[in-house]
Amino acid sequence: MAMNMNLYSRGDKIFAIATSILIGLFTAATLYPFIYIAAVSFSGGFAAAAGKVVITPIDTTLAAYKYVLTQSKFWISYGNTFIYTIGGTIVSLLIIIPGAYALSRPQLIGRRFWNLFVAFTLWFNAGLIPFFLNMRDLGLLDSYIGIIIGFAVNAFNLILLRNFFESLPQSFEEAARMDGANDFQILWKVYVPLSKPAIATITLFCIVSRWNGFFWAMVLLQSEEKIPLQVFLRHTIATLSDDHEFTATLTTQPFGVETVTAAIIVCSIIPVLIVYPFVQKYFEKGILLGGVKE
Amino acid sequence: MSGVKLDNIVKAYGEIEVVHGINLEVQEKEFVVLVGPSGCGKSTTLRMIAGLEEITDGELKIDDRLVNRVAPKDRDVAMVFQNYALYPHLNVAENIAFGLRIRKESKEAIEKSVSEVGEILGLTPYLQRRPADLSGGQRQRVAMGRAIVRRPKVFLFDEPLSNLDAKLRTQMRAEIKRLHKRLGATSVYVTHDQVEAMTLADRIVVMNAGVIEQIGTPMEVFMNPVNTFVAGFIGSPPMNQVKAVIQKRQGSSELHAKIGDDLVKLPETLPIEDGQEVILGIRPEHLSLNPDASSTSIPISLDLVETLGSEALLHATLNETPIIAKTETQGDIDHLWEVTEVHAPVSLIKLFDAQTGLAIREKSGS
């Protein structure tokens, strides 16, 4: 008699194996571009241009990094990216956290309307040209402030945090209210500490979208000294490919367009890679345990 | 006087009225328990006193001050929540100190109060722990600590023991009683557990469907329920209720209740008519196996004996109505199976009007 010793049916086993294979493929597909870019950035210009790099660097050299790191414009744009990311994230959180709290309160007058108002922007917006004109008329073109406050509120993040606030037991608010706390105190002393996982999540979303923000920065910023790294990267690709003088030097230089581009990309990925593990821990465990008895 | 006065308090959610004009006066230092089945409006009433629910109509006074439109924090009341609502990110000391910090009391004063409260509640060794690292009983104590540290005029308890297991509940019940004796604070306590109500209360308020059915001391409510609802709610097991018809003989002062073919003797002073339909009520504890001069016998047909150790519950029927008798076992229950009749002291038999369910009380002065 056939006996299934490990409690899983044949179907379950096949499912588990198929899932593992799929996840493996996805992981490889996501990871490979990183490895490839890193490998290219350390490779010689000829090898990269000839498409010889697959996983490991060919003709290993730091020439591309030397070229990138000695460009003052690289450092300026890098600094700008930090300004947009840190400033933008702080402004976003300062608006999203109180906003989400207000939207989560049953006593908010016109709550349904406001919630709909926010959710509406998830599906509909004015479009590119009207938005550009709006920013222009507000005098927010080519300015740090424009980039920072122009994209401060993201409806998705707002709704995500609102939902989290709504899921917290009402008795926390009531207990704090009985203790004499007003709404601001309830928010900052009770709800924010209880919502660390959710706030960490939206912080990371904000950081990543700010860090990678490219399109609007390209559209709204003209001055070279204000552009972020992503726009600088694009400029570099454009100028290097068009620059005949530079192309002519390629025969004598150990780097090329591809390796310089890859080096900039690697430089731009590093900070996010550094931040992520710190935020990661909040995703893993909730801190609600023990406060209320379910 | 730190009393609480509810004057015709009404609560409605839109069209639906859930509390229908209740009147209650809680005296200073009194421990009043609101008890009733779920949905009877007891928690809503408590939350109106706390200021967590708006009062639709009527007047609420705390300490002779009208507080209908006063914010919870300005009412000088503290509440212990059913789910404790301890802040998980703060340790025990910080949880207890939260209200004082919000009120910007000095650091020394806060430290002193917290250590005092820790002492009173036996929480001193746990002050640095987070709620997650405490047992259910300890969390409950922290929740009480958070309330008493502010020395409010009125304590409100919203089913504080319902999340504890039976043993712990008994223990905490005694602790709450002791604490009340020690602090002497005016308290309003909500529970659906009539045992808690009986043991804790100076006065019990029995609520049902948004109205107060009866207010009285535990013994009053137990011995003299005003209607069949209270009779059926208070007491464990509750009062037996059997339909009967009054039989009054011409020229005799004797009163009997006819249940099926059996006659049960009644107190002669009850204002009832011959042929009147009534509900006869008798507590299981008052039914005894041994007759005496002042008792009347009631024939029963026994169908189950439930042993509780020192006591046994006899489940039986009387004219097809289930009734329960509670009796002491003295270590032996076999003989209980032979019981065919129980005896009720005539004076302890209660009558209720069969239509209204209201108690038929003895004529005054007799």
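The values are calculated or read from the model by the stated rules, or taken from the named source; none is laboratory data. The structure displayed is predicted, hence computed values, not measured ones. Neighbour counts run over all protein chains shown; Cβ positions are idealised from the backbone, glycine included.
Which condition number does B:Leu161 fail, the rest of (1) among the aliphatic types (A, V, I, L, M); (2) under 21 Å from B:Ala78 (Cβ atoms); (3) in contact with a strand residue (DSSP E or B) (Cβ under 8 Å, 6 or more places away or on another chain); (4) part of a helix (DSSP H, G or I) being met?
(4)
Among the residues of the range B:126-137 satisfying the criterion of being within 11 Å of chain A (Cβ to nearest Cβ) and without any contact (Cβ under 8 Å) to a residue 40 or more places away in the chain, which is farthest from B:Gln82 (Cα to Cα)?
This residue is B:Arg129.
Please go through the range A:179-212 and pick out each residue that is farther than 30 Å from A:Ile270 by Cα and among the small types (Gly, Ala, Ser).
A:Gly180, A:Ala181
From the list B:Asn208, B:Asn227, B:Asn240, which residue is farther than 17 Å from B:Cys40 by Cβ and either touching a Ser or Thr at 6+ places or on another chain (Cβ under 8 Å) or touching a residue at least 12 places away in the same chain (Cβ under 8 Å) (or both)?
Just a single option satisfies the conditions, and that option is B:Asn240.
Which of (1) in contact with a helix residue (DSSP H, G or I) (Cβ under 7 Å, 6 or more places away or on another chain); (2) in contact (Cβ under 8 Å) with a residue 60 or more places away in the chain does A:Ala155 not meet, given it meets every other one?
(2)
Which condition breaks for A:Ile86 when tested against (1) modelled with pLDDT of 90 or more; (2) under 30 Å from B:Val80 (Cα atoms)?
Unmet for A:Ile86, out of (1) modelled with pLDDT of 90 or more; (2) under 30 Å from B:Val80 (Cα atoms): (2).
Name the single residue that is nearest to the other protein chains (Cβ to nearest Cβ) among those in the range B:101-125 being within 18 Å of A:Arg177 (Cβ to Cβ) and either assigned to a helix (DSSP H, G or I) or of a type in the set (Gly, Ala, Ser) (or both).
Selected residue: B:Ile102.
Condition first: closer than 15 Å to B:Phe31 by Cβ and assigned to a strand (DSSP E or B). Now tell me which residues in the range B:202-216 satisfy that.
The answer is B:Arg203, B:Ile204, B:Val205, B:Ile215, B:Gly216.
Which residues, counting only those in the range B:300-312, are buried (at least 17 other Cβ atoms within 10 Å of the Cβ) and closer than 16 Å to B:Gly331 by Cβ?
B:Val305, B:Ala312, listed by residue number.
Do you know which of the residues in the range A:162-190 that are polar (S, T, N, Q) and facing chain B (nearest Cβ under 7 Å) is surrounded by the most Cβ atoms within 10 Å (Cβ to Cβ)?
In this case the residue turns out to be A:Ser171.
Please note which helices (runs of 4 or more DSSP H) are completely contained in the range A:62-143 and include at least 3 residues that are over 22 Å from the mean Cα position of the chain (by Cα) and aliphatic (A, V, I, L, M).
Filter on the range A:62-143 gives A:63-69, A:128-137.
Taking the criterion of being assigned by TED's automatic domain parsing to the domain that holds B:Thr44, touching an Asp or Glu at 6+ places or on another chain (Cβ under 6 Å) and of a type in the set (Phe, Trp, Tyr), would at least one residue in the range B:94-108 satisfy it?
yes
What pairs can you find where one residue is in the range B:70-82 and more than 8 Å from chain A (Cβ to nearest Cβ), the other is buried (at least 17 other Cβ atoms within 10 Å of the Cβ) and in a helix (DSSP H, G or I), and their Cβ atoms are less than 7 Å apart, with a gap of 6+ or different chains?
What qualifies is B:Val80/B:Ala143; B:Val80/B:Met144; B:Val80/B:Ala147.
Filtering the range B:133-150 down to residues that are closer than 30 Å to B:Lys5 by Cβ and in contact with a helix residue (DSSP H, G or I) (Cβ under 8 Å, 6 or more places away or on another chain), which residue is surrounded by the most Cβ atoms within 10 Å (Cβ to Cβ)?
Taking the candidates together, the pick is B:Arg146.
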